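Just so it is clear, none of the values below were taken in a lab; they were calculated from the coordinates. A quick note: this is a predicted structure, and the numbers were derived from the prediction, not measured. Please note: Cβ atoms are built from the backbone with ideal geometry, for glycine as well, and neighbour counts cover all protein chains shown.
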Amino acid sequence: MRLAHGPYTCLMLRVTPGITIPEREIEMSFIRASGPGGQNVNKVSTAVQLRFDVARSSSLPDAVRIRLSALAGHRMSRDGVLQITAQRFRSQERNRNDAIERLVALIEEAARPVKPRKATRPSRGARARRLEGKRRRGDVKRSRSSRVDFT
């Protein structure tokens with residue numbers, strides 16, 4: 001986990017060299033996990049529910065915020081709150097680290113600039129091959145028809 005101390009001794013989560021998130025912007029709650037765990041699963045709240053308010057976060061640049069909203073999909077609420085639930089492990093601490101790592105990975109992906117697509121055109125040979133394939137397919141279908149011509 002990449003935690004760095006800020007100027008006011010507030011823990012900071014370093015995502016990229018230009019993006020650090022203060023710990024106060026991340027809210028975590030512990031809930032009971034489903035799945036394996038024996039009797040422990042009914043008694044101990046090991047699953048972690050991480051919430052990060054993307055819409056109101058001052059630590060994210062606007063471009064990253066927009067891409068993060070698109071990448072998050074169903075994990076993003078209408079209010080702009082990203083919610084990640086981690087319950088892969090039986091330990092609360094490991095689930096906490098897993099949730100933070102998944103948040104960092106999502107923000108890192110959103111911070112990566114989108115490579116612009118260069119418009120290309122198919123070559124003359126590629127067009128000819130495509131049309132030849134279509135012609136052959138048409139011939140095969142035509143040969144299957146039940147019309148018999150006796151002339």
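Using the basic label-point model (7 angstrom from Cα toward the beta carbon), what is the Ser145 to Arg124 distance in nanometres?
Computed distance between label sites Ser145 and Arg124 equals 3.3 nm.
Using the 10 angstrom Cβ neighbour count as an exposure proxy, how do Thr120, Thr20 rank, fewest first?
Ranked by crowding around the Cβ, least crowded first: Thr120, Thr20.
Tabulate in residue order the Karplus-calculated ³J(HN,Hα) for the stretch 109-124, using 6.51 cos²θ - 1.76 cosθ + 1.60 with θ = phi - 60°, rounded to whole Hz; enter x for Gly and Pro.
5, 5, 6, 6, x, 6, 6, x, 7, 9, 5, 10, 10, x, 6, 4
How long are the three semi-axes of the equivalent ellipsoid of the stretch 25-111, in whole Å, if each is the root of 5 times an eigenvalue of the C-alpha gyration tensor, listed from largest down?
The equivalent ellipsoid of the stretch 25-111 has semi-axes of 27, 11, 10 Å.
Treat the count of other C-beta atoms within 10 Å as a stand-in for reagent exposure and order Val15, Val81 from fewest to most.
Lowest to highest Cβ neighbour count: Val81, Val15.
Could you please report the charge total around Arg94, scoring K, R as +1 and D, E as -1 over all other residues with beta-carbon less than 14 angstrom from its beta-carbon?
+1
Mind giving me the FRET efficiency for Arg94 and Arg32? R0 is 25 Å, r the Cβ-Cβ distance, nearest 0.05 is fine.
Approximately 0.95, to the nearest 0.05.
Suppose R0 equals 25 Å. What FRET efficiency, 1/(1 + (r/R0)^6) with r the Cβ-Cβ distance, do Glu101 and Ser58 give to the nearest 0.05?
Once rounded, the FRET efficiency stands at 0.65.
If you put +1 on each Lys and Arg Cβ and -1 on each Asp and Glu Cβ, how big is the dipole of the stretch 25-111 around its Cα centre, in Debye rounded to 20?
380
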